Every structure is written in C-alpha cells, then in structure tokens.
Amino acid sequence: MGADSVSTFFIQMEVFTILYNNAKPVKKDSTPINEEIRSREVLLIGAEGMQYGIKPIREALAIASQEGLDLVLVAPNAKPPVCKLMDYSKFRYEQQRKAREARKNQKVVDLKEIRLTAVIDTHDFETKLRNGVKFLEKGDKLKVSVRLPYRAGKILIDQGKEVLNRFKDGCAEVGDLDNPVSHEGRYINMNLSPKKK
C-alpha cells in the first residue's frame, strides 16, 4: 500500500433510549380478584350476603361490573370455588387498619435473667434484687438462677435455694412465683411474673 491510499473506518453508532420507571411497586396480596380468577364457574355471594348461586365466571364478572364491585375469590378450595362481591380496596384498607390496631395494642413482654451464686455478697445481692424489682415493675418476666460449681454438695445446693427464696421474698410486692424452685444440672432456677393489677 502506498502512502497516498487512505483508509476510512466508519463506526455505526446506535442510540438506545432507556426508560426508567421510578414509581414504587404496589404491594399486592395473593388474593385473586376479577379476571385473575381461573375457575369456570363459582358460587357467587352478594355484598350483603345474598346468594346468587352457581354462576359461570363470565356471568359473575358481569354481575360484579353491573354492581360496581370487585369479584373476590374467598374460598378457592371449595367445590365450586366461592366468590364474593365487595369493594376490594376498601376491604384491604380495613384489614390493614385492623392489623395496625392489633399491633399497637399488643404488649411485648421480655424475659430478663438474673444470675446469682450460692455464696453471694450482701451488697451484690441487694443490687441484683433492685434490678429484679425494676424489671418486674416495667412488666417484664424474670428468670432468676443460681449457678453451682461442679460437684456441688448438698450444703451448697441448700444455700443456693435459700438465696433464691430470699430473692423471691424481696420481690413479693411486685412479682409472683410462676413455678417452684427447680434444680437442673448446675443451675437452680425460678421464674417470676409481674403481679396482676
């Protein structure tokens, strides 16, 4: 090739238009409504509980359209499946509102644990007792345990039970004993609940 021959390259460029949908996806439950119902015929119930009887799905959809309501599949496993006419968005709103109310009214009870030893110092015992009383006053349940050394003798086990009984007596104004003091392996345990008001 000579110096006077010129090579020309053309790069074909394509322009892509990318569209982004920034809308948040609508959270939807899995209840089939209207055209999503795949049964041939359904048992149709009106909004006020009136029985329409067994209807082909097209007729049920036409009735729902005439009444300005949604056709909602309420019992998919029945033979034939049961559908009800209702304003589905209003129904979902009511369900969500009731669920929010139920969450707001439920009280969460924590189980707090306090560990003691059979030969606990008086000051340490009083500090743990104050903490236990605080937990019970806040409405939390309380598990109190005494940890024993390996091969603890009867004297040490009795001493551990005495420590738990003193603790129980110290919490008597704010808490009740759930179950008797139990000895399991290296631990002696008891559970206290807040007093019923």
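The values are calculated or read from the model by the stated rules, or taken from the named source; none is laboratory data. All of these numbers come straight from a predicted model, not from anything done at the bench. Cβ sites come from the backbone with ideal geometry, for glycine too, and all protein chains shown count toward neighbours.
Can you give me the number of residues within the range 138-177 that are of a type in the set (Val, Ile, Thr) and closer than 18 Å to residue 110 by Cβ? Don't jump to the end; show me each part of the working.
Our first condition is that a residue be of a type in the set (Val, Ile, Thr); within the range 138-177, this holds for 144, 146, 155, 157, 163, 174.
Still in the running and closer than 18 Å to residue 110 by Cβ: 144, 174.
Counting residues in the range 138-177 that are of a type in the set (Val, Ile, Thr) and closer than 18 Å to residue 110 by Cβ gives 2.
Could you list all residues from the range 152-164 that are in a loop (DSSP other than H, G, I, E, B) and under 12 Å from residue 185 (Cβ atoms)? Within the range 152-164, 152 is the sole residue that qualifies. The numbered conditions (1) under 19 Å from residue 193 (Cβ atoms); (2) surrounded by fewer than 17 Cβ atoms within 10 Å (Cβ to Cβ) are all true for residue 158 except (1). For the residues 45, 11, 63, 54, the requirement of being on the phi < 0 side of the Ramachandran plot and either modelled with pLDDT under 80 or of a type outside the set (A, V, I, L, M) (or both) singles out 11.
So, in the range 88-123, how many residues would count as being farther than 27 Å from residue 188 by Cα and without any contact (Cβ under 8 Å) to a residue 40 or more places away in the chain?
Residues of the range 88-123 farther than 27 Å from residue 188 by Cα: 88-107.
Subsequent filtering for residues that are without any contact (Cβ under 8 Å) to a residue 40 or more places away in the chain retains 89-91, 93-107.
Residues in the range 88-123 being farther than 27 Å from residue 188 by Cα and without any contact (Cβ under 8 Å) to a residue 40 or more places away in the chain: 18 in total.
Only residues that are surrounded by 12 or more Cβ atoms within 10 Å (Cβ to Cβ) and part of a helix (DSSP H, G or I): list them for the range 67-107, please. Matches in the range 67-107: 67, 88, 91, 92. In the set (1) touching a residue at least 12 places away in the same chain (Cβ under 8 Å); (2) of a type outside the set (Lys, Arg); (3) assigned to a loop (DSSP other than H, G, I, E, B), residue 172 fails one condition alone, (1).
Only one entry in 152, 62, 172, 118 is in the same structural domain as residue 187 (by TED's automatic domain parsing), small (Gly, Ala, Ser) and loosely packed, with under 14 Cβ neighbours inside 10 Å, namely 172.
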